[in-house]
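Q: Following this message is one structure expressed as structure tokens.
The values are calculated or read from the model by the stated rules, or taken from the named source; none is laboratory data. Note that the structure is a prediction, hence the values are computed from the model and not measured. FYI the Cβ positions are ideal-geometry reconstructions off the backbone, even for glycines, and counts take in every protein chain you see.
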Amino acid sequence: MNRDNCSSMTEFIFLGITDNTVNKVTLFIMVLLVYLINLLANLGMITLIRMDPQLHTPMYFCLSHLSFCDLCYSTAIGPKMLVDLFAKNKSISFHGCALQFLVFYIFADSECLLLAVMAYDQYKAISSPLLYEVSMSSRVCPLLMDGVYLVRMADGLIHTTLAFCLCFHGSNEINHFFCDLPTLFLLSCSDIQVNELALFLVFGFIELSTISGVLVFYFYIVFLCRGEVQSILYLHLPPNCSGNSPGNYSLYVFQAEFILLSRSRQNDFIVLYSSDSNVKPSDL
């Protein structure tokens, strides 16, 4: 339906979660505490990573971006929700609703891609430690972050454009505390098949690829660590171990894992705590 033929919708009104005063006070205190803890924790994490040169590694570079995304999408919803709990006017402008949805969608879903990037980082650190600084150099990590944000920004713009090009007339009350696709679809008088198809294809493909990538990378990490433990166990296992009890065998496995951990720390086998990388969180 052409939007020119629709009545102009200038604002939406949030109905919120509850109208009970006692529940509002309880909810306000809980949400405020969670938001403040989230705010301080993420700001502290980003500041600490920026200030400490020993944390200028690919893992902490990704972790700083993870904190940044968490901070952004929680701020897009938290303050507005807290104000609306006791405000008489719980309205939000049409463009403000679009902006809130876009910011929330981009940064909330960027976390999934960031987790996949962090899984790839750990996989490269374990599978090829000698080439790790080349694979996750100061040029590669920012490129990976740029790819994450570009993919999510394109995805968010697609859904935001499709959603807010729908026709809205009649009721402008959103039965929620922030702008989200399901509630907007309920208010729309347009055909939403294209929106649902785009949501299923684009969002589903990205999420499925991300989850599959995380699972595959960690499967290889477990497989590689298991092979390393078995090789150490073979070298350090006594010749007459076949007659030992399962308890003694478990003790040898534990010793092998301890040797693997000690070796990884001495030789930077897992380069998660190394300060040799030139990756700087200031690229955030």
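Q: For region 10-25, give me each residue that is loosely packed, with under 12 Cβ neighbours inside 10 Å and either part of a helix (DSSP H, G or I) or in contact with a His (Cβ under 8 Å, 6 or more places away or on another chain) (or both). Steps first, answer last, please.
A: Residues of region 10-25 that are loosely packed, with under 12 Cβ neighbours inside 10 Å, as a first pass: 10, 19-22.
Hits for region 10-25 are 21, 22.
Q: Quick check, is residue 114 free of Cβ contacts under 8 Å to residues at least 40 places away in the same chain and not small (Gly, Ala, Ser)? Show your work before the answer.
A: Values: free of Cβ contacts under 8 Å to residues at least 40 places away in the same chain: no; not small (Gly, Ala, Ser): yes.
So residue 114 does not fit the description; no.
Q: Suppose we keep only residues that are part of a helix (DSSP H, G or I) and not aliphatic (A, V, I, L, M) within region 155-165. Which one would you say is surrounded by the fewest Cβ atoms within 10 Å (Cβ to Cβ)?
A: Going through region 155-165, the residues part of a helix (DSSP H, G or I) turn out to be 155-164.
From what's left, not aliphatic (A, V, I, L, M): 155-156, 159-161, 164.
Numbers: 155: 21, 156: 20, 159: 18, 160: 20, 161: 12, 164: 19.
Among residues in region 155-165 that are part of a helix (DSSP H, G or I) and not aliphatic (A, V, I, L, M), the one surrounded by the fewest Cβ atoms within 10 Å (Cβ to Cβ) is 161.
Q: For region 141-154, state whether one or more residues are farther than 30 Å from residue 197 by Cβ, in a helix (DSSP H, G or I) and either polar (S, T, N, Q) or free of Cβ contacts under 8 Å to residues at least 24 places away in the same chain (or both).
A: So the first thing to find is which residues in region 141-154 are farther than 30 Å from residue 197 by Cβ, and the list is 141-143.
Within this subset, residues satisfying the condition of being in a helix (DSSP H, G or I) are 141-143.
Now drop any that are not either polar (S, T, N, Q) or free of Cβ contacts under 8 Å to residues at least 24 places away in the same chain (or both), which leaves 143.
There is at least one residue in region 141-154 that is farther than 30 Å from residue 197 by Cβ, in a helix (DSSP H, G or I) and either polar (S, T, N, Q) or free of Cβ contacts under 8 Å to residues at least 24 places away in the same chain (or both).
Q: Right, something else. Give me the helices (runs of 4 or more DSSP H) completely within region 166-272, filtered to those with at least 2 residues that are more than 21 Å from the chain's Cα centre (by Cα), farther than 30 Å from residue 120 by Cβ and at pLDDT 75 or above, ordered by residue number.
A: Numbers: elements: 181-187, 193-198, 204-236, 246-266.
In region 166-272, 181-187, 193-198 are the helices (runs of 4 or more DSSP H) which contain 2 or more residues that are more than 21 Å from the chain's Cα centre (by Cα), farther than 30 Å from residue 120 by Cβ and at pLDDT 75 or above.
Q: Quick check on region 30-63: of everything there that is among the β-branched types (Val, Ile, Thr) and assigned to a helix (DSSP H, G or I), which residue is surrounded by the most Cβ atoms within 10 Å (Cβ to Cβ)? Before the answer, list the steps.
A: At the first step, the residues of region 30-63 found to be among the β-branched types (Val, Ile, Thr) are 31, 34, 37, 46-47, 49, 57.
So of that shortlist, the ones also assigned to a helix (DSSP H, G or I) come out as 31, 34, 37, 46-47, 49.
Values: 31: 18, 34: 12, 37: 10, 46: 19, 47: 13, 49: 22.
Only one residue fits best here, namely 49.
Q: Could you please tell me which pairs satisfy a Cβ distance under 7 Å, a separation of 6+ or placement on different chains, a first residue in region 175-187 that is under 16 Å from residue 199 (Cβ atoms), and a second residue that is in a loop (DSSP other than H, G, I, E, B)?
A: 183/175; 183/176; 185/192
Q: Run residue 80 past the list (1) in contact (Cβ under 8 Å) with a residue 60 or more places away in the chain; (2) among the charged types (D, E, K, R); (3) closer than 29 Å to residue 144 by Cβ and report the number of the one that doesn't hold.
A: It fails just one condition, (3).
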